[in-house]
Amino acid sequence: MQMRILSFVSLLALVLAASGPVAAQNVAPGKTLVLVPYAEPGNKDPHAAGVTASIASELPAQGITVVTAASMDHLDAVASAGALCKQDSATGLLIPEARYAQIPRTVGYHFQVRLDLVDCGGNVVWSTIQTSDYRTSLAQAMRAIDNGFHDVFQTAVTHLAEAPALAPAATFTAPPAAPITTGTPVYALVPMEQPGIADPTAPSMTQPIATTMTARNLAFKTLAPVDHLTAIASAANWCTADAATAIVVPSLFVDATAGMGALFGGGVKATATVQLDVLNCQGRILTHALGSADGTVKNMQQDLIDLIGKAAGPALDQVTATARS
């Protein structure tokens, strides 16, 4: 849900060292879409605002009127799709996800972005995934990241011509209130990694959360990688398939400050914040559980994994408290 691993993880590594299927009908020009900002609350990525602005600037060229929403959790946006559509007389939402990383042994960056089109019923009806490489000079590195994001999202927006037509907002109705689940909860843990966003660090970032859940004797099963935004619509199927009573969707925020210590092998001071969005089997968001931990990261892999495990602890305490309430 912050690329549900944020680009700050890629930035930390720097310090320490295809489109979806074409549909027969298209999004009609002249329609209004709500653009959910790339930056979710708590996102400190200095490039995040530029990502949202770049997408908004490209949509009118596709004949689409865009209304940029306030920053919100992306799963909350999906859950509130009907209300957002009604509020802005829109036919759907656009939700961007992105990551970037330095190309090894170069002053250049690799970008991977996904743009999801969500209808007013909260269903992800179309996605496009685009990648690009952008090379630059050391002096222009920060500007290059903004420019690289602009270029790759510009391409992503042009693929909206392939998206299916959206049903009118009035055809969707709110789901019924979810029944209260009793007994010992069984969680379906959605992994950090998502299809099409090939972050090599993502699989290892799920591990410390799973390890902490095991240490707390929580019953859970880790799902196969999925688009996190499909969690609300897919919750019932996931619960049935894995005999689960709730869904846990994780996000990771890493705020890193190099300082002089990094230059002499002292590592990077970092704060890891783990957010666990908990859904019931009807796709209703029950809570956003947050946990944070501070530490020094010298080894990108193990030190960061340990830090995530520490941050997951207090977040899971909130999850279990919700289950008891």
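The values are calculated or read from the model by the stated rules, or taken from the named source; none is laboratory data. Just so you know, these numbers come straight off a predicted model, no measurement behind them. Using ideal geometry, Cβ is built from the backbone for each residue, glycine included, and neighbour counts are taken over all protein chains shown.
Could you identify the single residue in D146, D73 that is touching a Gly at 6+ places or on another chain (Cβ under 6 Å) and among the acidic types (D, E)? None of the other options fit; the residue is D146. Do we find that I64 is at pLDDT below 85 and either of a type outside the set (K, R) or buried (at least 20 other Cβ atoms within 10 Å of the Cβ) (or both) in this structure? It is false that I64 is at pLDDT below 85 and either of a type outside the set (K, R) or buried (at least 20 other Cβ atoms within 10 Å of the Cβ) (or both). If I ask for residues that are over 20 Å from the mean Cα position of the chain (by Cα) and charged (D, E, K, R), which ones from region 113-150 would you list? D133, R135, R143 - these are the residues of region 113-150 that are over 20 Å from the mean Cα position of the chain (by Cα) and charged (D, E, K, R). Within region 259-283, restricting attention to residues that are surrounded by fewer than 16 Cβ atoms within 10 Å (Cβ to Cβ) and part of a loop (DSSP other than H, G, I, E, B), the residue that is modelled with the highest pLDDT is Q282. H150 meets each of the listed conditions (1) assigned to a loop (DSSP other than H, G, I, E, B); (2) of a type outside the set (G, A, S); (3) over 23 Å from H228 (Cβ atoms) apart from (1).
The residues of region 151-187 that are modelled with pLDDT of 75 or more, closer than 30 Å to N237 by Cβ and under 26 Å from the mean Cα position of the chain (by Cα), listed by number, are A156, H159, L160, E162, A163, P164, A165, L166, A167, P185, V186, Y187. Every listed requirement among (1) at pLDDT below 95; (2) among the small types (G, A, S); (3) in the same structural domain as V278 (by TED's automatic domain parsing) is met by A210 save one, (1).
Among the residues of region 295-325, which ones are acidic (D, E) and surrounded by 15 or more Cβ atoms within 10 Å (Cβ to Cβ)?
Taking region 295-325 first, the residues acidic (D, E) are 303, 306, 317.
Residues satisfying the conditions are D303, D306.
Here S89 fits the description: of a type outside the set (A, V, I, L, M), more than 22 Å from Q154 (Cβ to Cβ) and surrounded by fewer than 17 Cβ atoms within 10 Å (Cβ to Cβ).
If you go through region 225-238 one residue at a time, do you hit one that is in a loop (DSSP other than H, G, I, E, B) and of a type in the set (V, I, T)? Steps first, answer last, please.
Taking region 225-238 first, the residues in a loop (DSSP other than H, G, I, E, B) are 225-227.
Next, from what is left, pick out any that are of a type in the set (V, I, T): 226.
There is at least one residue in region 225-238 that is in a loop (DSSP other than H, G, I, E, B) and of a type in the set (V, I, T).
Taking residues in region 189-217 that are part of a loop (DSSP other than H, G, I, E, B) and acidic (D, E), and partners anywhere that are crowded, with 21+ Cβ neighbours inside 10 Å and at pLDDT below 95, the pairs with Cβ atoms closer than 6 Å and at least 6 places apart or on different chains are D199/I5; D199/R99.
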